[in-house]
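The values are calculated or read from the model by the stated rules, or taken from the named source; none is laboratory data. Bear in mind that the values here come from a model prediction, so they are computed numbers and not experimental data. Here the Cβ positions follow ideal geometry from the backbone for every residue, glycine too, while neighbour counts run over all protein chains shown.
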Amino acid sequence: MAEPRVEVFDDAASLDRAAAALVGDVLRTNPAARVVPATGETPVGLYAELAARRGSGALDPTGITIVQLDEYLGLEPGDRRSLYGWMLRTVLEPLGIPDDRVVGLPTDGDVSAACVSFDRQLAADGGIDLAILGIGHNGHLGFNEPPSDATSPTRVVDLSRSTIEANANYWGRVDDVPTRAVTMGLAPLLSASTIVLLVAGERKHEIVHRTLEGPIEATVPASFLRRTSAEVTVVVDRAAWEGP
Ligand code: PGA
């Protein structure tokens, strides 16, 4: 079990290029990779960089399968806040990946029962090859809010106050943020072969250091990245690394 590799970059463009190179390496060895792409602001530049590489012929993502990381619950179809919609705009359309190559999370009916089937099917299909993740100020990965154990399955969760406040930046106001969600669990995520964690901005300074240097425990779910067989690379900008 190797420690995560940490790479620090001066600016967003170099961070995006380095992350794109890591993704490119995985896709070259495994053009049919099963990839989890986080939504959120941090990886948007990486996805644009991947799309540019696709445009120039340097990257061919057409054989990959996308597996959804997280989604709000309680939204009507077409709701502007859908994280599937966010993924569609930032990942699927720019990379030319059709809907039928996406494994979506369950959001209707008996979601808890469907989550059990989701994890079972994921494992039967060979799990995740590459997870591209961001981190919450509270140390969440996906919506694995603290406390989340390393064995936590895909499941329905209540969002924490910290996440609701952070997500208000996406949708306008705190009251616009759904309070429940479904998230891929830490167990299937940490079983990925390769994990790239992107961290940017001085507001992530404290949590990136707690993740990498603090106790490995459920109150900082991302700390379990130090206890996985995955090859983990943390690409971080200088603002987050050095802080205010
Ligand atoms: P962000 O979100 O990339 O918008 O900061 C990260 C997260 O909440 O996981």
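Enumerate the helices (runs of 4 or more DSSP H) found wholly within the range 159-216, keeping only those where 2 or more residues are over 20 Å from Asp237 (Cα atoms) and at pLDDT 95 or above.
161-171, 186-190
Going by the structure shown, is Ala200 farther than 29 Å from Ser14 by Cβ and aliphatic (A, V, I, L, M)?
no
Can you find, within the range 126-151, the residue that is nearest to Ala200 (Cα to Cα) among those that are near the ligand (Cβ under 9 Å from one of its atoms) and not in a loop (DSSP other than H, G, I, E, B)?
Leu133
Looking at Trp241 and the list (1) surrounded by 19 or more Cβ atoms within 10 Å (Cβ to Cβ); (2) closer than 17 Å to Glu145 by Cα; (3) not acidic (Asp, Glu), which single condition is not satisfied?
Failed condition: (2).
Restricting attention to the range 185-204, and to residues there that are hydroxyl-bearing (Ser, Thr, Tyr) and surrounded by fewer than 21 Cβ atoms within 10 Å (Cβ to Cβ), which single residue is farthest from the ligand (Cβ to nearest atom)?
Residue satisfying both the conditions and the ranking: Ser193.
Tell me which residues, restricted to the range 15-53, are among the β-branched types (Val, Ile, Thr) and within 20 Å of Arg5 (Cβ to Cβ).
Val23, Val26, Thr29, Val35, Val36, Thr42 - these are the residues of the range 15-53 that are among the β-branched types (Val, Ile, Thr) and within 20 Å of Arg5 (Cβ to Cβ).
Filter the range 28-49 for residues that are away from the ligand (no atom under 16 Å from the Cβ) and closer than 19 Å to Asp99 by Cα and give the result.
Pro31, Ala32, Ala33, Arg34, Val35
Test Gly104 against the stated conditions and say whether it is at negative phi and out of contact with any strand residue (DSSP E or B) (no Cβ under 9 Å at 6 or more places or on another chain).
Considered against the rule, which asks whether it is at negative phi and out of contact with any strand residue (DSSP E or B) (no Cβ under 9 Å at 6 or more places or on another chain), Gly104 comes out as no.
Could we say that Val6 is farther than 30 Å from Asp158 by Cβ, away from the ligand (no atom under 15 Å from the Cβ) and not in a helix (DSSP H, G or I) here?
For Val6, the condition - farther than 30 Å from Asp158 by Cβ, away from the ligand (no atom under 15 Å from the Cβ) and not in a helix (DSSP H, G or I) - is met.
What's the number of the condition Ser160 fails, among (1) touching a residue at least 12 places away in the same chain (Cβ under 8 Å); (2) within 16 Å of the ligand (Cβ to nearest atom); (3) over 18 Å from the mean Cα position of the chain (by Cα)?
(3)
List the pairs whose first member sits in the range 228-243 and is assigned to a helix (DSSP H, G or I), whose second member is crowded, with 19+ Cβ neighbours inside 10 Å, and whose Cβ atoms are under 6 Å apart, counting only residues at least 6 apart or on separate chains?
Ala240/Val199; Ala240/Ala200; Ala240/Lys204; Ala240/Val208
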